[in-house]
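Notes follow once the structure below has been shown.
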Amino acid sequence: MIPDRSLEVLRAIVQDYIQTKEPVGSKSLVERHHFGVSSATIRNEMAMLEEEELIHAPHTSAGRVPTDKGYRLFVDRLGEVKPLSTSEKAAISNFMVGSADLDETLGRTVRLLSQLTNQVAMVQYPTLGRARIRNIELIPAADTRVLLILITDSGRIQQHVIELVELLDVQLIGEIRFKLNELLAGSGLSDVSKKLIDFDSSFASSSRAQVSLITESLLDQVDANRQEKIILAGTANLARREEDFPGSISPVLEAIEEQVVLLKLITEMQAEQHGVSLRIGRENAFEGLSNASVVVSGYENQGSEIAKLGVIGPTRMDYSSNISAVRAVARYLTKALGN
């Protein structure tokens, strides 16, 4: 059990180190914070924190810096996160207005999150396996062309122009659209293939070639998006913080380029305190992220989490501000998808 005063000293060390980038000594702690005790007492508290492996000396100087364990205790004892300023809230609200489709919305989201945190931001596309069909549209586009639009409950809109082998029959297209929606509306995308077996058998034999072209195109749209993906923004922010990564920044850059690694990582991360999940330093199983911290939150559609977003940066990050930003952007994205 860490005494309350020791926790206060740890909190001060973390905050000062994040702000100054310099190892923190007892003298500066006494000068910057009102502990009401002597430097000798603070040195004793620091010695205890070092014994508990919560802080360490990076070199022979008198200063100390937090360890991964120290950051973890600091985050776990955060009473509250730093609230967003009025200007930040306005920026989020304005940035999210006017997105035409899911791709644009997620693109705006990841850029916004990177700007708010000055970290690498990531947004996961909604998990396909959880998505359901909201509507299917078939719109005549030319004498032999029809536009197929697939709309899911996650807000995703897929479009594809189908080239028919004969002149377009508007009445037939209307019938296909009606029957597809009757059969598939509300169905999971993973069930589409099974439900379309023998779909063309309900049409006259003379129409089945066009019906098959349309259903094959629909299946292609579903299959083409089965691979989950993440979009990133702000990778340059890592380069500006290179001194915060011991040895080399290359392992972190390589890690964030591996979509499979990031997808596995954020899938495993579940919401903890303050509605976010954190992995600090060596808590990350993937070695390339052993000098980085990851902050993640889920976003929802129709009351259910559909994917996640978050930031990656050095362990010397402003956890309170980043937690607040990630949580707020996730909420705004949920709201945007619900509109």
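Some notes on this structure:
- Filter result (more than 23 Å from PRO126 (Cα to Cα), surrounded by fewer than 23 Cβ atoms within 10 Å (Cβ to Cβ) and of a type in the set (Gly, Ala, Ser)) within region 282-321: ALA285, GLY288, SER290, SER320, SER321
- Search result, residues across region 131-189 that are farther than 30 Å from LYS335 by Cβ, modelled with pLDDT of 90 or more and of a type in the set (S, T, N, Q): GLN171
- For region 156-168, the set of residues classified as buried (at least 16 other Cβ atoms within 10 Å of the Cβ) and not β-branched (Val, Ile, Thr) consists of ARG156, GLN158, LEU164, LEU168, listed by residue number.
- Filter pass, LEU84 being closer than 30 Å to GLU228 by Cβ, modelled with pLDDT under 95 and touching a Lys or Arg at 6+ places or on another chain (Cβ under 6 Å): no
- Subset of region 245-259 (residues that are assigned to a loop (DSSP other than H, G, I, E, B) and loosely packed, with under 13 Cβ neighbours inside 10 Å): PRO246, GLY247, SER248
- Scanning region 45-73 for residues that are hydroxyl-bearing (Ser, Thr, Tyr) and either modelled with pLDDT of 95 or more or under 38 Å from the mean Cα position of the chain (by Cα) (or both), we see that the one that is farthest from VAL276 (Cα to Cα) is THR67.
Okay, residues lined up against (1) in the same structural domain as LEU278 (by TED's automatic domain parsing); (2) farther than 22 Å from GLY247 by Cα:
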{"position": "VAL37", "(1), (2)": "no, yes"}
{"position": "THR41", "(1), (2)": "no, yes"}
{"position": "GLY70", "(1), (2)": "no, no"}
{"position": "ASN94", "(1), (2)": "yes, yes"}
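- Meets criteria (in the same structural domain as ASN94 (by TED's automatic domain parsing) and closer than 25 Å to ASN94 by Cβ) for ASN284: no
- Annotation: of all residues in region 260-304 being in a helix (DSSP H, G or I) and aliphatic (A, V, I, L, M), the one that is nearest to the chain's Cα centre (by Cα) is ILE266.
- The lone exception for LYS82 - which of (1) part of a loop (DSSP other than H, G, I, E, B); (2) free of Cβ contacts under 8 Å to residues at least 24 places away in the same chain; (3) surrounded by 13 or more Cβ atoms within 10 Å (Cβ to Cβ) it fails: (2)
- Single residue of region 200-222 satisfying the filter (closer than 15 Å to ILE136 by Cα and not aliphatic (A, V, I, L, M)) that is nearest to the chain's Cα centre (by Cα): GLN221
- Filtered by the rule that a residue be touching a helix residue (DSSP H, G or I) at 6+ places or on another chain (Cβ under 8 Å), modelled with pLDDT of 90 or more and surrounded by 16 or more Cβ atoms within 10 Å (Cβ to Cβ), region 211-234 gives VAL211, ILE214, THR215, LEU218, ILE230, ILE231, LEU232, ALA233, GLY234.
- The set of residues in region 186-197 being among the aliphatic types (A, V, I, L, M) and within 16 Å of GLN221 (Cα to Cα) consists of LEU189, VAL192, LEU196.
- Filtering region 63-94 to residues that are among the hydrophobic types (A, V, I, L, M, F, W, C) and farther than 18 Å from ARG11 by Cα leaves LEU84, ALA90, ALA91, ILE92.
- Selection count where residues are of a type in the set (Lys, Arg) and under 20 Å from GLY313 (Cβ atoms), scope region 68-111: 4
- On inspection, ILE312 qualifies as within 30 Å of VAL65 (Cα to Cα), in contact (Cβ under 8 Å) with a residue 40 or more places away in the chain and not in a loop (DSSP other than H, G, I, E, B).
- Residue in region 24-44 that is more than 32 Å from the chain's Cα centre (by Cα), surrounded by fewer than 13 Cβ atoms within 10 Å (Cβ to Cβ) and outside any loop (DSSP other than H, G, I, E, B) present: yes
The values are calculated or read from the model by the stated rules, or taken from the named source; none is laboratory data. Since this is a predicted model, take the numbers as computed values, not measurements. When we count neighbours, we look across all protein chains shown, and the Cβ atoms used for this are built from the backbone with ideal geometry, even at glycine.
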